[in-house]
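Enquirer: Starting off with a structure, shown below.
The values are calculated or read from the model by the stated rules, or taken from the named source; none is laboratory data. These numbers were taken from a predicted model, which means no experiment stands behind them. All Cβ positions, even for glycine, are placed from backbone atoms using ideal geometry, and neighbour counts span all protein chains on display. The protein model used for the area step is the full one, side chains on, heavy atoms only, and it has no ligands, DNA or RNA in it. Shrake-Rupley method; radii C 1.70, N 1.55, O 1.52, S 1.80 Å.
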Amino acid sequence: MKLAIHGAAGRMGQRVTALAVADPRFHVVAALESANHPLLGKDAGLMAGVGEIGVPLGVVGESDADVVIDFSVPDAAVAVIAHCVEFSRPVVVATTGLDPEQQEYVRKAARQIPIVWSPS
């Protein structure tokens with residue numbers, strides 16, 4: 001399964017990257033962060049401590065990922081969910097702290113694309 005990891009430079013994003021690299025069932029095809037992140041362009045595997053994987057840290061855009069895994073911040077999570085809706089891409093939302101309006105957005109988006117999200 002091809003994965004895009006949103007929030008890849010964060011602690012949990014790095015851990016998801018490391019676990020995905022260690023499991024032959026998964027292939028990290030995109031590592032995503034905000035457009036002003038200082039580590040843009042750095043290899044995601046190096047950031048995760050597993051060596052180079054040939055996937056530079058980039059910004060949200062179209063990829064051939066089968067699913068997006070989001071470990072970011074609430075506003076960024078909503079933005080990546082909107083992107084996933086636009087491109088009909090399933091998403092796993094692991095970001096916490098969404099306010100009620102953001103939570104309602106996730107619920108509405110789940111009517112359009114597959115979303116795994118457990119808010120509590």
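Enquirer: Loop-only check: which chymotrypsin sites (Phe, Trp or Tyr not before Pro) in segment 66-120 are DSSP coil with at most 15 other Cβ within 10 angstrom?
Expert: Answer by residue number: Phe87.
Enquirer: If you rank Lys108, Lys2 by how much accessible surface each has, with a 1.4 Å probe, what is the order from largest down?
Expert: Most to least solvent-accessible, the answer reads Lys108, Lys2.
Enquirer: Go through Met47, Met1 and list them by solvent-accessible area, largest first, probe radius 1.4 Å.
Expert: Largest accessible area first, the residues go Met1, Met47.
Enquirer: Could you work out [θ]222 nm for the chain from helices alone, using -39500 (n - 2.57) per DSSP H run of at least four and dividing by all its residues? Round to the nearest 500 deg cm²/dmol. Please list the in-between numbers first.
Expert: Details: 4 runs with 40 residues, N = 120.
Dividing the helical sum by the residues of the chain leaves -10000 deg cm²/dmol.
Enquirer: With label points built 7 Å along Cα→Cβ from the Cα atoms of Arg25 and Gln112, find their separation and express it in nm.
Expert: 3.0
Enquirer: Can you give me the angle between helix 74-86 and the longest principal axis of the chain, using Cα atoms only, in degrees from 0 to 90, rounded to the nearest 10?
Expert: 90
Enquirer: For Gln103 and Arg11, what does the FRET efficiency come to when R0 = 22 Å and r is the distance between their Cβ atoms, rounded to the nearest 0.05?
Expert: That pair, Gln103 with Arg11, gives E of 0.45.
Enquirer: For the chain, count all C-alpha to C-alpha pairs, find those more than 25 Å apart, and express that count as a whole percent of the total. The partial results should precede the final answer.
Expert: Values: 1219 of 7140 pairs.
In whole percent, the share of Cα-Cα pairs in the chain beyond 25 Å is 17.
Enquirer: Now for a separate question. Taking H placed 1.01 Å from N in the peptide plane, check which residues at least 5 places from Val28 or on another chain put their amide H under 5 Å from its amide H.
Expert: For Val28, whose amide H was placed from the backbone, the distant partners under 5 Å are Leu3.
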